[in-house]
Amino acid sequence: MRQAMYGLVLYVFLMLPPVANLAESVMTIHMHMQMPLFVIAGMLMTPFLKQQFPRFFAKWNSNGVPGIILFMIVVIYWMIPRTMDEALTIQAIEIFKFISLPFLAGVPLRDSWKKIRLVGKNIIFVTLSVICGFMAWLYIFSPEQLCNNYLIVEQITLGWAFLFLALSIMIYFVQQFFVDRSECE
Amino acid sequence: METAVLKETFMDKTNKKLGVNPEDALVSKVYLSLAFILLLVGGTLGLLQGLNRAGLLQLPVWLNYYQILTAHGILLVVAFTTLFMTGYFYAGVSHTLGGLTSKARKFAWSALASLLVGTVMIMTTVVMGEASVMYTFYPPMQASPWFYIGLVFLALGIWLAGTGVFVNAASWKKANRGQKLPLFSFFAVGGYLLLILGSLGITAEVLMLIPWAFGWTETVNVMLSRTLFWAFGHTAVNVWYLVAVSAWYVAIPKIIGGKTFSDVLARVVVILSVILNVPGGFHHQIIDPGITQSVKFMHVFMSLSIALPSLLTAFAMFAIFERAGRKKGATGLLGWFKKLPWKDVRFLAPMIAMITFIPAGAGGIAQTNNQLNQTVHNSLWVVGHFHLTVGVTVALTFFGIAYWLIPYLSKRVMTARLNKLGLIQTWLWAIGMLFMSGSMHWVGLLGSPRRTSFSTYGDNATALSWDPYLMFLGIGGTLLFAGVVLMVYIVFHLMFRAPKGHTEFPIAEEEENASPTPKWTERWGLWIVLAIAVISMGYVIPIVDMIVNAPPGSPGFKTW
């Protein structure tokens, strides 16, 4: 319950117009700070939602696969440069961002993570890091301005941020093979 | 659980009977001896500087103020600390993990070779007058390429020493499944991890500077170099602080007859330090041009976040003192204060170090603010500040460690006479630093610049008004030099002359009702990934900006 409260507070805070404006003013912060924080807000609210609607989660996400696919679709959708542009210019898309990231990415991610098998988790780690690597390549080397709202230099910065993200996911993925998880959980 | 307890008592007994393994002791003794020899050299240079700034000593042309300043900085801030840290951590790892593995010893020796090669190369270039670039070696001041190559060897030494500790901890974990790494070794792993993370920045910088110094590339990106330097510089200082903190958590409770306050809290402090530290370097550049206001604003938070583990430590320390005092029968709100062993130098030295961290830490927080930093930035105030942090909080804790670590390694005991000498040393140090650092702070506020040799600026009235304070700086420096000489005498006496006997390696026990340490504290993979994430949050935006929007770059300058 406390977690859900924190999640809600974070959610509302992120949507406050000055906060949202500030976060969206820098491309990297928009994609790598604001968007993940929305996902985290959703994750914090998940236990409460599961408690309220247990049947719904059992019925639609019994083995975790639908949830994780939904998560991937939403996350990949928001990686497309054009969607960021639209979020800034079209109010409805901005609202869709506020709803989709917490409730269609954060909630299903936390619900599914416990349910999917180890091989599923590994697939997600690898896929995410490959996608991030691809996005890094796209944003760093694209000669064109991909977003109307952001300069090329911001685009390159975002590319490097993606590279670090890909690297971080990869390191985390690889280290698990060396560390006995039962030792530290 | 039964076997674990049995194993520990067995280890305790063997440790007591056999003491430290001679091969492990040799590693630490060599490191510590070299550290204190460098302290003597660096301290002598410090005295010369202090006397010069007081206007009492004219330095010869062939060994001028800037050469001495560079050597003093590198010897004491980088070499002394790294050598001490390695000697101390390897001794503790050997003690808490039941001896070093032969692999770890090999890493320690090769690290020593690398560190020595690096230090010799650096000092040679400095003495030859080829590298009077201060220990921050900011471009576009250009030193001899061999100076930078020496720095590469220093970084390599750090990595080798760190790898040895990691390898040893991993092999211990493999042999002791399900047990948590002892707190001391946890500190060692965290300390080296942080130092290695920080040294990545300086390595990148030095690899840019070497071709520039050889003349293969014409220009260098000054902003980028400074940023990469402070990713290391700030982290390094916090690593030395973490080394000192390890003794506060692990040894001090035992020395004062108390128990660990909370094992979990200590581990959280290590984890937070590893994750949060590196981006803090930016507040050293808070008045640099070429970094946008919003980035500086963000970094105020990143810098202040490092205060959190320090405040946790302060809380834990007071709790330890109070509990230990009450156990000895202290009453009232502050009665425990009198019950502390003030006459025991093993306690007094680190205690003064801790007390000093109150003004030192507050000064650090003041400097993370843009406006306050502008007031003091290029003044002696900053020099006063880091002589409190590194010069007292870190150095005096290191001295406090030496009083038990060295007799433990040399299988000797500290006599009452040496304890008394140690008390004198500690007070000399404290009073000397009160004079020196105090006057540096004050005269800095009055505008006296740092990094400059003595000058009256053509008998300018303002510059002349600094003189009385600078005289106190010289007096403080002289007292400190006496402290250095006394300390080095004590160290080598404890190593070779003190009476034979058994000295314990103080490792505090947990309270009987302590809650078990959760296993997530050892998820190093996660902490490394989080640290990388925080580092990228701090650095990606400004560094890409510095590279993409870079000015033409600067050729090298030899200002001396």
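Do we have B:Lys411 as surrounded by fewer than 15 Cβ atoms within 10 Å (Cβ to Cβ), more than 19 Å from B:Gly43 (Cβ to Cβ) and of a type in the set (D, E, K, R) here?
Working: surrounded by fewer than 15 Cβ atoms within 10 Å (Cβ to Cβ): no; more than 19 Å from B:Gly43 (Cβ to Cβ): yes; of a type in the set (D, E, K, R): yes.
No: the conditions fail for B:Lys411.
Matching residues to (1) touching a residue at least 24 places away in the same chain (Cβ under 8 Å); (2) surrounded by fewer than 19 Cβ atoms within 10 Å (Cβ to Cβ); (3) over 30 Å from B:Lys259 (Cβ atoms); (4) facing chain A (nearest Cβ under 8 Å):
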{"residue": "B:Leu494", "(1), (2), (3), (4)": "yes, no, no, no"}
{"residue": "B:Ile507", "(1), (2), (3), (4)": "yes, yes, no, no"}
{"residue": "B:Pro516", "(1), (2), (3), (4)": "no, yes, no, no"}
{"residue": "B:Pro542", "(1), (2), (3), (4)": "yes, no, yes, no"}
{"residue": "B:Asn549", "(1), (2), (3), (4)": "no, yes, yes, yes"}
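Filter the stretch B:448-471 down to residues that are of a type outside the set (Gly, Ala, Ser) and farther than 20 Å from B:Leu59 by Cβ, then give me how many there are.
Pass one, the stretch B:448-471, residues of a type outside the set (Gly, Ala, Ser): B:449-452, B:454, B:456-457, B:459-460, B:462, B:464, B:466-471.
If we keep only those that are farther than 20 Å from B:Leu59 by Cβ too, we end up with B:459-460, B:462, B:464, B:468-469.
Residues that pass the stated criteria total 6.
Quick one: count up the residues across the stretch A:6-33 that are assigned to a helix (DSSP H, G or I) and either surrounded by fewer than 19 Cβ atoms within 10 Å (Cβ to Cβ) or more than 14 Å from chain B (Cβ to nearest Cβ) (or both).
Quick first cut of the stretch A:6-33, residues assigned to a helix (DSSP H, G or I) only: A:6-15, A:17-25, A:27-33.
When the remaining residues are screened for being either surrounded by fewer than 19 Cβ atoms within 10 Å (Cβ to Cβ) or more than 14 Å from chain B (Cβ to nearest Cβ) (or both), the result is A:6-15, A:17-23, A:25, A:33.
Selection size over the stretch A:6-33: 19.
Can you name the residue in the stretch B:121-145 that is part of a helix (DSSP H, G or I) and free of Cβ contacts under 8 Å to residues at least 40 places away in the same chain and, of all such residues, is surrounded by the most Cβ atoms within 10 Å (Cβ to Cβ)?
Let us first name the residues in the stretch B:121-145 that are part of a helix (DSSP H, G or I), namely B:121-127, B:145.
This time we only want the ones that are free of Cβ contacts under 8 Å to residues at least 40 places away in the same chain, so: B:121, B:124-125.
On the way: B:Met121: 21, B:Thr124: 15, B:Thr125: 23.
So, considering only residues that are part of a helix (DSSP H, G or I) and free of Cβ contacts under 8 Å to residues at least 40 places away in the same chain, the one surrounded by the most Cβ atoms within 10 Å (Cβ to Cβ) is B:Thr125.
Does B:Glu522 qualify as being within 14 Å of chain A (Cβ to nearest Cβ) and acidic (Asp, Glu)?
Numbers: within 14 Å of chain A (Cβ to nearest Cβ): yes; acidic (Asp, Glu): yes.
When the stated conditions are applied, B:Glu522 passes them.
Looking at this structure, is B:Ile528 out of contact with any helix residue (DSSP H, G or I) (no Cβ under 6 Å at 6 or more places or on another chain), at the interface with chain A (Cβ under 7 Å from one of its Cβ atoms) and hydrophobic (A, V, I, L, M, F, W, C)? Quick ask: steps written out before the conclusion?
Working: out of contact with any helix residue (DSSP H, G or I) (no Cβ under 6 Å at 6 or more places or on another chain): yes; at the interface with chain A (Cβ under 7 Å from one of its Cβ atoms): yes; hydrophobic (A, V, I, L, M, F, W, C): yes.
Yes.
Take the residues in the stretch A:34-57 that are buried (at least 18 other Cβ atoms within 10 Å of the Cβ) and not hydrophobic (A, V, I, L, M, F, W, C), then tell me which one is nearest to the other protein chains (Cβ to nearest Cβ).
Taking the stretch A:34-57 as the starting set, the residues that turn out to be buried (at least 18 other Cβ atoms within 10 Å of the Cβ) are A:34-35, A:37-46, A:49, A:57.
With the extra rule that they be not hydrophobic (A, V, I, L, M, F, W, C), the set shrinks to A:34, A:42, A:46.
Values: A:Gln34: 13, A:Gly42: 19, A:Thr46: 20 Å.
Applying the filter and picking the extreme gives A:Gln34.
Does B:Trp442 count as within 14 Å of another protein chain (Cβ to nearest Cβ) and in a helix (DSSP H, G or I)?
On the way: within 14 Å of another protein chain (Cβ to nearest Cβ): no; in a helix (DSSP H, G or I): yes.
So B:Trp442 fails the test.
Being at the interface with chain B (Cβ under 9 Å from one of its Cβ atoms) and assigned to a loop (DSSP other than H, G, I, E, B) is the filter here; which residues of the stretch A:129-167 pass it?
none
Identify all residues within the stretch B:498-517 that are aliphatic (A, V, I, L, M) and in contact with a strand residue (DSSP E or B) (Cβ under 7 Å, 6 or more places away or on another chain); write none if there are none.
Just the residues of the stretch B:498-517 that are aliphatic (A, V, I, L, M), to begin with: B:498, B:507-508, B:514.
Passing the criteria: B:Ala498, B:Ala508.
Take B:Met537 and tell me if it is within 14 Å of another protein chain (Cβ to nearest Cβ) and out of contact with any Leu (no Cβ under 9 Å at 6 or more places or on another chain). I'd like the intermediate steps shown before the answer.
Numbers: within 14 Å of another protein chain (Cβ to nearest Cβ): yes; out of contact with any Leu (no Cβ under 9 Å at 6 or more places or on another chain): yes.
So B:Met537 fits the description; yes.
Taking the options B:Asn419, B:Asn370, name whichever one is over 23 Å from the mean Cα position of the chain (by Cα), over 20 Å from B:Ala236 (Cβ atoms) and modelled with pLDDT of 95 or more. Walk me through how you get there before you give the answer.
Details: B:Asn370 fails: modelled with pLDDT of 95 or more.
Result of the check over B:Asn419, B:Asn370: B:Asn419.
The values are calculated or read from the model by the stated rules, or taken from the named source; none is laboratory data. These figures come from a predicted structure and were not determined experimentally. Virtual Cβ from ideal backbone geometry, glycine too; neighbours counted across all protein chains shown.
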